[in-house]
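Here is the structure we will look at, set down as structure tokens.
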Amino acid sequence: MTRFLLVLAVLAFFVLCAAGMRWGWRNRQRRQSAYLPAFPPPPAELTEIELPELTGVYVSTVTAGDWQDRIAVGDIGHRSAVAVRLAKEGVLLDRVGASPLWIPAAALVDARLDKGMAGKVMGIDGLLVIRWRLGEYELDSGVRGDDKDVYGDWLGAVRALAGVKTGEAA
């Protein structure tokens, strides 16, 4: 009987932990929805693709400068496979099983390589991070590419589209 009660106590503990995580995620979504503007919809068509698409994993979008403050509005906080496309109009993160994330060229601030972001920490320069503006807020969106050899090309192209001169940092 004691063993049965212990098993029930452990199960109840895990259910309470899962419920607490769900409750915290919903509160984060509600809080962020109150101050973040709506995410821009992607254009119907992209023209003048600059680079071959980058495939990999969309890790997350966080508040710029705070690699742990994940944005949870809608399904933006959900990790997924991604195909990143660069065009004159901006950057499209076409996420599998989730809504696409469109970053207009006018909203781009900078790009960099980093080692971690909410949901993924890896070796040095393992993530391609794009900093951009959503209204008055700056956000960082991170992608772990399948082919890290193309990160240099992507950095240069995104930074050029953002108007960042070589050697500058945001």
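The values are calculated or read from the model by the stated rules, or taken from the named source; none is laboratory data. Here the structure is a predicted model, which is why all the values come from computation and not from measurement. Cβ atoms come from the backbone with ideal geometry, glycine included; neighbour counts cover every protein chain shown. For the accessible areas, the whole protein counts, side chains as well, though only heavy atoms, and no ligand, DNA or RNA atoms are used. Shrake-Rupley method; radii C 1.70, N 1.55, O 1.52, S 1.80 Å.
Looking at W102, W132, can you tell me which residue is in contact (Cβ under 8 Å) with a residue 24 or more places away in the chain, crowded, with 20+ Cβ neighbours inside 10 Å, hydrophobic (A, V, I, L, M, F, W, C) and in contact with a strand residue (DSSP E or B) (Cβ under 6 Å, 6 or more places away or on another chain)?
Working: W102 fails: crowded, with 20+ Cβ neighbours inside 10 Å.
Being in contact (Cβ under 8 Å) with a residue 24 or more places away in the chain, crowded, with 20+ Cβ neighbours inside 10 Å, hydrophobic (A, V, I, L, M, F, W, C) and in contact with a strand residue (DSSP E or B) (Cβ under 6 Å, 6 or more places away or on another chain) holds for just one of W102, W132, which is W132.
Applying the selection to region 135-161, what residues are under 18 Å from D94 (Cα atoms) and under 13 Å from the mean Cα position of the chain (by Cα)?
Of everything in region 135-161, those that are under 18 Å from D94 (Cα atoms) and under 13 Å from the mean Cα position of the chain (by Cα) turn out to be L139, D140, S141, G142, V143, R144, G145.
Looking at (1) in contact with a Gly (Cβ under 9 Å, 6 or more places away or on another chain); (2) farther than 19 Å from V62 by Cβ, which is the one condition that is false for D149?
With (1) in contact with a Gly (Cβ under 9 Å, 6 or more places away or on another chain); (2) farther than 19 Å from V62 by Cβ applied to D149, the lone miss is (1).
Filtering region 105-121 down to residues that are touching a strand residue (DSSP E or B) at 6+ places or on another chain (Cβ under 6 Å) and assigned to a helix (DSSP H, G or I), which residue is surrounded by the most Cβ atoms within 10 Å (Cβ to Cβ)? Spell out how you get there, then give the answer.
Taking region 105-121 first, the residues touching a strand residue (DSSP E or B) at 6+ places or on another chain (Cβ under 6 Å) are 105, 107-112, 114, 117-120.
Of the ones still in play, those that are also assigned to a helix (DSSP H, G or I) are 105, 107.
Working: A105: 16, A107: 19.
Only one residue tops the list, namely A107.
Please enumerate the residues belonging to region 10-34 that are without any contact (Cβ under 8 Å) to a residue 40 or more places away in the chain and not hydrophobic (A, V, I, L, M, F, W, C).
Residues of region 10-34 that are without any contact (Cβ under 8 Å) to a residue 40 or more places away in the chain, as a first pass: 10-24, 26-27, 30-31, 34.
If the condition is that a residue be without any contact (Cβ under 8 Å) to a residue 40 or more places away in the chain and not hydrophobic (A, V, I, L, M, F, W, C), then G20, R22, G24, R26, N27, R30, R31 are the ones that fit.
Among the residues of region 56-79, are any open to solvent by 90 Å² or more (accessible area, probe 1.4 Å) and in contact with a Ser or Thr (Cβ under 8 Å, 6 or more places away or on another chain)?
Checked region 56-79: at least one residue is open to solvent by 90 Å² or more (accessible area, probe 1.4 Å) and in contact with a Ser or Thr (Cβ under 8 Å, 6 or more places away or on another chain).
If I124 satisfies every condition in (1) among the β-branched types (V, I, T); (2) open to solvent by 30 Å² or more (accessible area, probe 1.4 Å); (3) under 17 Å from S80 (Cβ atoms) but one, which is the exception?
(3)
Only residues that are under 30 Å from A105 (Cα atoms) and either exposed (fewer than 10 other Cβ atoms within 10 Å of the Cβ) or modelled with pLDDT of 90 or more (or both): list them for region 1-34, please.
A34
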